[in-house]
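**Student:** Attaching a single structure in structure tokens format; questions to follow.
The values are calculated or read from the model by the stated rules, or taken from the named source; none is laboratory data. Predicted, not measured: the structure shown is a model, and the values here were computed from it. With ideal geometry, Cβ positions are generated from the backbone for all residues, glycine too; neighbour counts draw on all protein chains shown.
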Amino acid sequence: MSATILVVEDEPQVQELVAVNLEHAGHRVRRAASAEEAEAAIRDELPDVVILDWMLPGESGVALARRLRAQERTQGLPILMLTARAMEHDKISGLEAGADDYLTKPFSPKELAARIKAVLRRRAPQLADDAVEIGGLRLDPAGRRVTAGGKVVELGPTEFRLLHFLMTHPDRIYSRPQLLDHVWGDHVFIEERTVDVHIRRLRKALEPTGHDALVDTVRGSGYGLRKP
């Protein structure tokens, strides 16, 4: 599992410690030392996870978490609070503000990595390494392998990511802009019709085993993957 993680921490030593451990775990790390810097980074590129300190210069991490939850673009953004505030009422306040998890300092890098993985499983399962199977169609993210009816399906990298997202979010229809945000990234600006091209390629690859029927189209709305 590799994710883009924004570390919002004003203590340089702690920021470096967190960032280095995350990079060693294979993640891409961006950094911010204040709520203002964090929002600028998020406007530039939506991360997969935010690790957020409570005590920041100016606005607190809790206030930033509330604002992120209130905005449509960031309301589903996984947030893990990493803070020295260890009282029970602090933890409750952080979770009520919208944090998905709350970890206190000093922390174990292994525990932080495990918490991030758990948050991603819940919020963004397409970023996890867990294999997923629907109707005889199996996708293994770790091995970058797709099989249908026991036969290997050859997919390009974009079709693989697209299928992974659809398989981890079945029985839902996503518009072209939503798929572009989730699969390509909301900082990538390409034509919405690009999605149609890759859906056609995906269907063609799944056609020999009949699994192309799982890919659902709702005219005027978008695409999804239907459980049989």
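**Student:** Could you grab me the full set of residues in segment 147-174 that are of a type in the set (A, V, I, L, M, F, W, C) and touching a residue at least 24 places away in the same chain (Cβ under 8 Å)?
**Tutor:** In the first step, residues of segment 147-174 are kept if they are of a type in the set (A, V, I, L, M, F, W, C); the result is 148, 152-153, 155, 160, 162-163, 165-167, 173.
The answer is 148, 153, 155, 162, 163, 165, 166, 167, 173.
**Student:** Kindly indicate whether residue 144 is touching a strand residue (DSSP E or B) at 6+ places or on another chain (Cβ under 6 Å) and basic (Lys, Arg).
**Tutor:** Values: touching a strand residue (DSSP E or B) at 6+ places or on another chain (Cβ under 6 Å): no; basic (Lys, Arg): yes.
When the stated conditions are applied, residue 144 does not pass them.
**Student:** Okay, next question. Scan the strands (runs of 3 or more DSSP E) fully inside segment 69-148 and keep the ones with 1 or more residues being within 28 Å of residue 202 (Cβ to Cβ) and at pLDDT 90 or above.
**Tutor:** 132-134, 137-140, 145-148
**Student:** Right, another one. Restricting the search to segment 21-76, which residues are farther than 21 Å from residue 181 by Cα and of a type in the set (Lys, Arg)?
**Tutor:** Hits for segment 21-76 are 31, 66.
**Student:** Related question: Among the residues of segment 140-178 satisfying the criterion of being among the β-branched types (Val, Ile, Thr) and in contact with a helix residue (DSSP H, G or I) (Cβ under 6 Å, 6 or more places away or on another chain), which is nearest to residue 196 (Cα to Cα)?
**Tutor:** 158
**Student:** Here is a further query. What number goes with the only condition from (1) assigned by TED's automatic domain parsing to the domain that holds residue 64; (2) more than 16 Å from the chain's Cα centre (by Cα) that residue 101 does not pass?
**Tutor:** Condition not satisfied by residue 101: (2).
**Student:** Can you name the residue in segment 190-215 that is in a helix (DSSP H, G or I) and of a type in the set (Lys, Arg) and, of all such residues, is nearest to residue 171 (Cα to Cα)?
**Tutor:** Among those that are in a helix (DSSP H, G or I) and of a type in the set (Lys, Arg), it is 203.
**Student:** Residue check, residue 189 against (1) touching a Gly at 6+ places or on another chain (Cβ under 8 Å); (2) surrounded by fewer than 16 Cβ atoms within 10 Å (Cβ to Cβ), all met but one. Which one?
**Tutor:** (1)
**Student:** Can you work out which of the residues in segment 1-35 that are more than 17 Å from residue 84 (Cβ to Cβ) and β-branched (Val, Ile, Thr) is surrounded by the fewest Cβ atoms within 10 Å (Cβ to Cβ)?
**Tutor:** Going through the qualifying residues, I end up with 20.
**Student:** Can we say residue 162 is buried (at least 16 other Cβ atoms within 10 Å of the Cβ) and within 17 Å of residue 226 (Cα to Cα)?
**Tutor:** Against the criterion (buried (at least 16 other Cβ atoms within 10 Å of the Cβ) and within 17 Å of residue 226 (Cα to Cα)), residue 162 qualifies.
**Student:** Please find, within segment 75-97, the residue that is farthest from residue 17 (Cα to Cα) out of those that are buried (at least 20 other Cβ atoms within 10 Å of the Cβ) and under 19 Å from the mean Cα position of the chain (by Cα).
**Tutor:** For segment 75-97, the residue satisfying everything is 77.
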